[in-house]
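The values are calculated or read from the model by the stated rules, or taken from the named source; none is laboratory data. These numbers come from a predicted model, not from an experiment. Note that we place each Cβ from the backbone using ideal geometry, even for glycine, and neighbour counts take in every protein chain shown.
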């Protein structure tokens with residue numbers, strides 16, 4: 001059997017590799033001139049810095065099997081993402097932790113005292129928070145909310161926090177110790193040679209062919225026994241019902257001779273600063289030494305027709321349109337929609353790999369058992 005896999009990012013590469021190892025021939029196509037999707041990395045010719053071309057990617061997971069799988073194809077170097085933020089004329093540590101709290105309020109509190117102090121700041125009159133703003137006010141109080149969450153959120157999502165669901169903030173931790181590791185997972189690291197080298201190794205199999213700068217057309221599907229689509233869900237249907245909403249990112253690249261900010265990620269919480277953060281890419285490879293530096297200022301805005309989609313909006317209007325596209329997808333024959341774009345969900349890299357492995361295993365099982373492969377392995 002021959003499988004057509006649209007997209008040479010993590011989803012497509014992992015499905016192709018798992019399927020090829022089970023004896024299937026896999027044709028992988030991608031409209032971009034490179035593999036690895038948005039986790040594509042490449043070295044800057046002038047400085048030698050390994051750049052995260054579409055923004056920073058730190059691999060973090062509690063899934064031991066996924067961690068082992070990724071380490072089959074790359075040497076991972078331990079990396080802890082210690083994010084800083086510039087807000088109200090000072091630099092603080094994120095996530096909000098005991099150091100942040102003490103510094104912001106000019107105190108020297110211990111964990112128990114700080115917990116009680118923040119509890120006194122929280123707005124307990126909000127019993128059932130429905131919006132991002134209500135959740136923040138109940139969670140951390142107005143001062144911390146306005147310093148660290150309000151302005152950044154407005155820039156990132158292009159709307160008021162009072163218009164966003166409370167669920168977005170529930171993913172942000174508040175710590176009453178001095179732990180400034182942005183993630184709390186057991187396994188954290190970055191491939192020594194970058195993500196593109198890792199994806200290249202995944203795709204390196206005699207039953208896999210890769211065609212770049214190749215756009216999908218329906219005739220390709222006719223020649224395949226099954227299609228795995230990791231492109232935009234609405235794009236598969238040529239946007240016939242309209243476009244699903246995304247936020248996109250613009251990167252303003254600049255160079256610096258030396259060390260520009262002393263950390264990999266510096267957020268900017270003040271609303272009058274137009275960018276959301278600055279990333280300094282040599283700090284994502286602290287095991288290397290470079291005199292020159294490559295930095296990106298990031299700006300968030302609504303995605304246009306020709307923009308790269310980054311963050312699905314998933315508010316009421318988008319969810320309604322999504323449901324209609326899901327119905328169309330389920331009516332398709334021999335096509336499975338995968339990945340963050342194919343299922344219109346924000347996915348970390350470890351979840352992407354896990355779902356791709358499970359999808360490929362389910363496909364093999366469906367062929368053995370003579371069952372139809374579903375359009376979605378995970379409910380969008």
Report summary line: Filtering segment 133-149 down to residues that are buried (at least 19 other Cβ atoms within 10 Å of the Cβ) and under 16 Å from residue 95 (Cβ atoms) yields 135, 136, 139, 140, 144, 145, 147, 148, 149
Requested in this report: Confirm whether residue 256 is at pLDDT 95 or above, assigned to a strand (DSSP E or B) and either farther than 24 Å from residue 339 by Cβ or touching a helix residue (DSSP H, G or I) at 6+ places or on another chain (Cβ under 6 Å) (or both).
Outcome: yes
Query raised in the report: Taking segment 281-300, which residues are part of a strand (DSSP E or B), out of contact with any helix residue (DSSP H, G or I) (no Cβ under 8 Å at 6 or more places or on another chain) and either crowded, with 20+ Cβ neighbours inside 10 Å or modelled with pLDDT under 95 (or both)?
Result: 298
Query - Which numbered condition residue 317 fails, given (1) touching a residue at least 40 places away in the same chain (Cβ under 8 Å); (2) part of a loop (DSSP other than H, G, I, E, B); (3) under 16 Å from residue 239 (Cβ atoms) - result: (2)
Report task. Output yes when any residue across segment 359-378 is surrounded by 15 or more Cβ atoms within 10 Å (Cβ to Cβ), within 16 Å of the chain's Cα centre (by Cα) and over 22 Å from residue 52 (Cβ atoms), and no when none is. Result -> no
Query raised in the report: Can we say residue 231 is farther than 20 Å from residue 336 by Cβ, assigned to a loop (DSSP other than H, G, I, E, B) and touching a helix residue (DSSP H, G or I) at 6+ places or on another chain (Cβ under 7 Å)?
Result: no
Report task. Within segment 234-253, track down each residue that is part of a strand (DSSP E or B) and either in the same structural domain as residue 29 (by TED's automatic domain parsing) or surrounded by fewer than 18 Cβ atoms within 10 Å (Cβ to Cβ) (or both). Result -> 247, 248, 250, 251, 252, 253
Requested in this report: Output the number of the condition that residue 264 fails; it satisfies all remaining conditions of (1) under 30 Å from residue 358 (Cβ atoms); (2) in contact with a strand residue (DSSP E or B) (Cβ under 8 Å, 6 or more places away or on another chain).
Outcome: (1)
Report task. Please work out which one of (1) part of a loop (DSSP other than H, G, I, E, B); (2) touching a strand residue (DSSP E or B) at 6+ places or on another chain (Cβ under 6 Å); (3) surrounded by fewer than 19 Cβ atoms within 10 Å (Cβ to Cβ) is the condition residue 220 fails and give its number. Result -> (1)
**Report entry** Residue in segment 323-330 that is within 16 Å of the chain's Cα centre (by Cα) and at pLDDT 95 or above present
**Finding:** no
Query raised in the report: Based on what the data block shows, is residue 316 at pLDDT below 95 and at negative phi?
Result: yes
Query raised in the report: Do we find that residue 329 is touching a strand residue (DSSP E or B) at 6+ places or on another chain (Cβ under 8 Å), over 21 Å from residue 21 (Cα atoms) and in a helix (DSSP H, G or I) in this structure?
Result: yes
